[in-house]
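Have a look at the structure below, then the notes.
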Amino acid sequence: MKLYENGVYLVNGNELVEDNGDAANEILSKTGQNITKEEAAKNTIAYGILKEHNVSGSMDKLRIKFDKLTSHDITFVGIIQTARASGLEKFPIPYVLTNCHNSLCAVGGTINEDDHMFGLTCAKRYGGIYVPPHQAVIHQFAREMLAGGGKMILGSDSHTRYGALGTMAVGEGGPELVKQLLSQTYDINMPGIVGVYLKGTPVKGVGPQDIALAIIGEVFANGYVKNKVMEFVGPGVSNLSVDCRIGVDVMTTETTCLSSVWRTDDAVKEFYEIHGRSEDYKELNPKDTAYYDGMIEIDLGEIRPMIAMPFHPSNTYTIEELNANLMDILDDCEKRAKVSFDGSVDLDLKSKVRNGKLYVDQGIIAGCAGGGFENICDAADILKGTSIGSDEFTLSVYPASMPVYMELVRNGSAAALMQAGAVLKTAFCGPCFGAGDTPANNAFSIRHSTRNFPNREGSKVQNGQIASVALMDARSIAATAANKGYLTSAADMDVEFTKPKYFFDSKIYENRVFDSKGAADASVEIQLGPNIKDWPAMSPLPKHMILKVVSEIHDPVTTTDELIPSGETSSYRSNPLGLAEFTLSRKDPAYVGLAKDIQKAQKAIEADTCPCEAVPELAPVMEAVKAQYQDVNRETIGIGSTIFAVKPGDGSAREKADSCQKVLGGWANIANEYATKRYRSNLINWGMLPLLIEAGELPFENGDYIFLPDIKNEIENKATEIKAFVYKDGALKEFKLMLGELTDDERSIILKGCLINYNRR
């Protein structure tokens, strides 16, 4: 795999010319044309799609309107509640509500099904589409029923990726979907476009997860594609099945790219025909000479079966490399665990080594990444006539949709898997976010799913529980299962893959999915369960602000799972205050109490009482502030909390990582950088300041107070750097913070206090 240091021209779809001093002459000799870099940059697939969906009139400052929206049941309640508070009357574009997350959460009671009924009644009232539980995971339904060549889809899940089908899809926090529901726009600067040039053909046993992990391992840490669009081109694309392309594509999220798109061909055309949507196919190719801001060149034949060890998809090795250096790599993982969990629990992976081989406790093939038809058929071919054994090792398989499940039953793959000892389950995202098949304490799970962050599998460090997940391809998981739990590469298996043809049965959805066909019915009463709560009132930005630092995190990256955990907490996502009780519970359990303590001061201000009486330790801080800024009083000051993290926001699009801080009185985050655009956007949409500070020794520490003078004026006057003071030793000490670029609308949202206030009628 090669990452080009400079931009690259793609000529005639199959020749790469690096942007150097002689590039223009080389292109002239190959094409007979003089073309500028700027002209060639307009010839990518991504540029064309973005141009068609941009309504700003400027291709530098994009204002995008999407064709369709999609959400699942841990996000759509909050989204629709936000939109309703802002005056929603009708879904202006198709909006699909799937129910693939809160289906088996371990909370009990009625709250999951209450959310589902909320979704169904909203689909009827506002003119949407409702997919009942266990019918399909969100992204599989979108592939089967929503994607279209040259279209754009916005989803409230980070793995919203349908690029292999020619659809540019973006995963964002809920407020960005709210904007689309209110006929507003998705505002970004024109993103960089990085080509992924594929050549060659994968060797036997290599699947989509192997290709994806190889890419992630190369580009995550260096930020090569961060917030950019990945465009897959080259002759190697046609050497991959569509299912394989889909499996690679969905994992591009783990590179931190903004979106993805692939060139399309007859195989993609056949996919649409199989699903009865031939009219949605569009041939997409870059034009004769296209310029990319970077290029990843991959010889597919060089990829070998991969494994991403705990605790990140970028912690990658070939399975061969892992087995050859087993104890050293396991020791490194154990050291990573000590850092991730602050030494509170001990992960003992080396005890999994038996007779020089790594024994695995659990295998999972699931979700939007692993639950595809081809993945499961290939796994069945490997396992046919074998046994997973009767020891600790277990294997669970979750087909991504009921149509996929039905075809697995019809062609015998389901029977082969079950006979070998695998358990087939319904379309459910549980293993991907810690709400299903949580391993035993100190157990090691291998999964064809999307992520392996700390606690992502559902263990609870605060209760002394720890388990870990490695990401692998379905084929190597099946090979490991056939070897009764001993880690095995699919490349080591003697198997002939049957590659059965897929037949899509549309009647499953026709008989169960509610489709309003865009017709709203205002007479339908929305069904609200007792756990479904409105968002609490949020104050506008004050003139001055005092922030107490209530958490300080120095991990290289902080995931959204650490900011607000998944699993059983997901059922509370329709209850803003209920969910907020879990904020940072797996990373900094003291956070909630500390945030609530300082929030008392803001509540006192809103009640027109003295904040220093509510929080006595504020008194000397206020005294020092008033000594320099005489106009500070109850009418001009806001008081709340902030956290510092080196690089927060990797992973999920979940807005709750931000909104939970906000409802607990958070006014800001301070970071060296933000891991993803979507996390920063969520901060802004919840009226929180996305503050930046240069890397190095911090001028403050946990428990300190920070004063931001005239912050309202700074936002109004489009400042990018702001003056700040830390209160130490009875005095204010000045330091600098940065805001980064903000659009006029984003500044207005912050000034109003949140997107709800900005839109409230």
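The values are calculated or read from the model by the stated rules, or taken from the named source; none is laboratory data. Keep in mind the model is a prediction, meaning the values are calculated, not measured. Cβ placement follows ideal geometry from the backbone for every residue including glycine, while neighbour counts extend to all protein chains displayed.
Please count how many residues of the range 13-23 are touching a helix residue (DSSP H, G or I) at 6+ places or on another chain (Cβ under 9 Å) and under 24 Å from T264 (Cβ atoms).
4
Do any strands (runs of 3 or more DSSP E) entirely within the range 156-242 hold 2 or more residues that are surrounded by 24 or more Cβ atoms within 10 Å (Cβ to Cβ), and if so, which?
Values: elements: 168-171, 186-189, 193-199, 229-233.
Ranges flagged: 168-171, 193-199, 229-233.
Of everything in the range 666-719, what is farther than 30 Å from Y224 by Cβ and charged (D, E, K, R)? Give them in sequence order. Show your work before the answer.
Quick first cut of the range 666-719, residues farther than 30 Å from Y224 by Cβ only: 666-667, 687, 699-719.
E701, D704, D710, K712, E714, E716, K718, listed by residue number.
Looking at (1) at pLDDT below 95; (2) touching a strand residue (DSSP E or B) at 6+ places or on another chain (Cβ under 7 Å), can you tell me which one Y162 breaks?
Here Y162 clears every test but (1).
Just one of (1) of a type outside the set (V, I, T); (2) at pLDDT below 95; (3) over 19 Å from the mean Cα position of the chain (by Cα) trips up G223, so point out which.
Status for G223: all satisfied but (3).
Provide a single number: the residues in the range 40-73 that are without any contact (Cβ under 8 Å) to a residue 40 or more places away in the chain and closer than 21 Å to V233 by Cβ.
Total meeting the criteria: 2.
Could you list, in sequence order, the residues of the range 542-592 that are more than 24 Å from E701 (Cα to Cα) and of a type in the set (F, W, Y)?
Y572
Kindly indicate whether any position in the range 664-677 is more than 17 Å from L541 (Cα to Cα), outside any loop (DSSP other than H, G, I, E, B) and at pLDDT below 95.
yes
Among the listed residues E568, E673, E655, which satisfies the condition of being surrounded by fewer than 21 Cβ atoms within 10 Å (Cβ to Cβ), closer than 27 Å to S71 by Cα and within 26 Å of the chain's Cα centre (by Cα)? Give the steps one after another, and end with the answer.
Details: E673 fails: closer than 27 Å to S71 by Cα; E655 fails: surrounded by fewer than 21 Cβ atoms within 10 Å (Cβ to Cβ).
Criteria check complete, one pass: E568.
Every residue, every condition in (1) surrounded by fewer than 17 Cβ atoms within 10 Å (Cβ to Cβ); (2) among the aliphatic types (A, V, I, L, M); (3) outside the structural domain of L579 (by TED's automatic domain parsing), yes or no:
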{"site": "H53", "(1), (2), (3)": "no, no, yes"}
{"site": "D73", "(1), (2), (3)": "no, no, yes"}
{"site": "I79", "(1), (2), (3)": "no, yes, yes"}
{"site": "R84", "(1), (2), (3)": "no, no, yes"}
{"site": "E89", "(1), (2), (3)": "yes, no, yes"}
{"site": "N99", "(1), (2), (3)": "no, no, yes"}
{"site": "G109", "(1), (2), (3)": "yes, no, yes"}
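Only one of these is hydrophobic (A, V, I, L, M, F, W, C) and loosely packed, with under 14 Cβ neighbours inside 10 Å: A537, A520. Name it.
The match here is A537.
Could you grab the pairs with beta carbons closer than 6 Å, sequence gap of 6+ or different chains, first residue in the range 139-151 and crowded, with 24+ Cβ neighbours inside 10 Å, second one of a type in the set (S, T, N, Q)?
Sorted first by the residue in the range 139-151, then by its partner, the pairs are Q140/S401; F141/T98; A142/T70; A147/T167.
One residue is enough: does the range 8-15 have a residue meeting the conditions among the polar types (S, T, N, Q), closer than 22 Å to Q140 by Cα and not in a helix (DSSP H, G or I)? Spell out how you get there, then give the answer.
Within the range 8-15, the subset among the polar types (S, T, N, Q) is 12, 14.
Among the residues that remain, those that are also closer than 22 Å to Q140 by Cα are: none.
No, the range 8-15 contains no residue that is among the polar types (S, T, N, Q), closer than 22 Å to Q140 by Cα and not in a helix (DSSP H, G or I).
How many of the residues making up the range 330-358 are of a type in the set (A, V, I, L, M), modelled with pLDDT of 90 or more and surrounded by 19 or more Cβ atoms within 10 Å (Cβ to Cβ)?
If we filter the range 330-358 for residues that are of a type in the set (A, V, I, L, M), which is where we start, we get 330, 337, 339, 345, 347, 349, 353, 358.
Within this subset, residues satisfying the condition of being modelled with pLDDT of 90 or more are 330, 349, 353, 358.
From what's left, surrounded by 19 or more Cβ atoms within 10 Å (Cβ to Cβ): 330, 349, 358.
So the answer is 3.
Within the range 545-556, does at least one residue satisfy the condition of being basic (K, R) and surrounded by fewer than 19 Cβ atoms within 10 Å (Cβ to Cβ)?
No, that holds for no residue.
Test T264 against the criterion of being farther than 20 Å from A400 by Cα, crowded, with 24+ Cβ neighbours inside 10 Å, out of contact with any strand residue (DSSP E or B) (no Cβ under 6 Å at 6 or more places or on another chain) and at pLDDT 95 or above, and give yes or no. Reasoning before the result, please.
Details: farther than 20 Å from A400 by Cα: yes; crowded, with 24+ Cβ neighbours inside 10 Å: yes; out of contact with any strand residue (DSSP E or B) (no Cβ under 6 Å at 6 or more places or on another chain): yes; at pLDDT 95 or above: yes.
Yes, satisfied.
Taking the conditions exactly as written (among the acidic types (D, E), surrounded by fewer than 24 Cβ atoms within 10 Å (Cβ to Cβ) and modelled with pLDDT of 95 or more), does D391 satisfy them or not?
On the way: among the acidic types (D, E): yes; surrounded by fewer than 24 Cβ atoms within 10 Å (Cβ to Cβ): yes; modelled with pLDDT of 95 or more: no.
Criteria not met by D391.
Picking from A522, A537, which residue would you name as being assigned to a loop (DSSP other than H, G, I, E, B) and within 29 Å of the chain's Cα centre (by Cα)?
The match here is A537.
Looking at the range 418-427, can you tell me whether even one residue there is assigned by TED's automatic domain parsing to the domain that holds R475, touching an Asp or Glu at 6+ places or on another chain (Cβ under 8 Å) and small (G, A, S)? Walk me through it before giving the result.
Narrowing the range 418-427 to residues assigned by TED's automatic domain parsing to the domain that holds R475: 418-427.
Within this subset, residues satisfying the condition of being touching an Asp or Glu at 6+ places or on another chain (Cβ under 8 Å) are none.
No; the residues of the range 418-427 include none that is assigned by TED's automatic domain parsing to the domain that holds R475, touching an Asp or Glu at 6+ places or on another chain (Cβ under 8 Å) and small (G, A, S).
With respect to E568, determine if the residue is within 21 Å of M309 (Cα to Cα), of a type outside the set (V, I, T) and assigned to a helix (DSSP H, G or I). Step through it out loud before you land on a result.
On the way: within 21 Å of M309 (Cα to Cα): no; of a type outside the set (V, I, T): yes; assigned to a helix (DSSP H, G or I): yes.
The answer is no for E568.
Yes or no: R678 surrounded by fewer than 21 Cβ atoms within 10 Å (Cβ to Cβ), in contact (Cβ under 8 Å) with a residue 40 or more places away in the chain and not small (G, A, S)?
Details: surrounded by fewer than 21 Cβ atoms within 10 Å (Cβ to Cβ): no; in contact (Cβ under 8 Å) with a residue 40 or more places away in the chain: yes; not small (G, A, S): yes.
The answer is no for R678.
Go through (1) more than 30 Å from G529 (Cβ to Cβ); (2) surrounded by fewer than 24 Cβ atoms within 10 Å (Cβ to Cβ); (3) not polar (S, T, N, Q) one by one and return the number of the condition I45 breaks.
All conditions are met except number (2).
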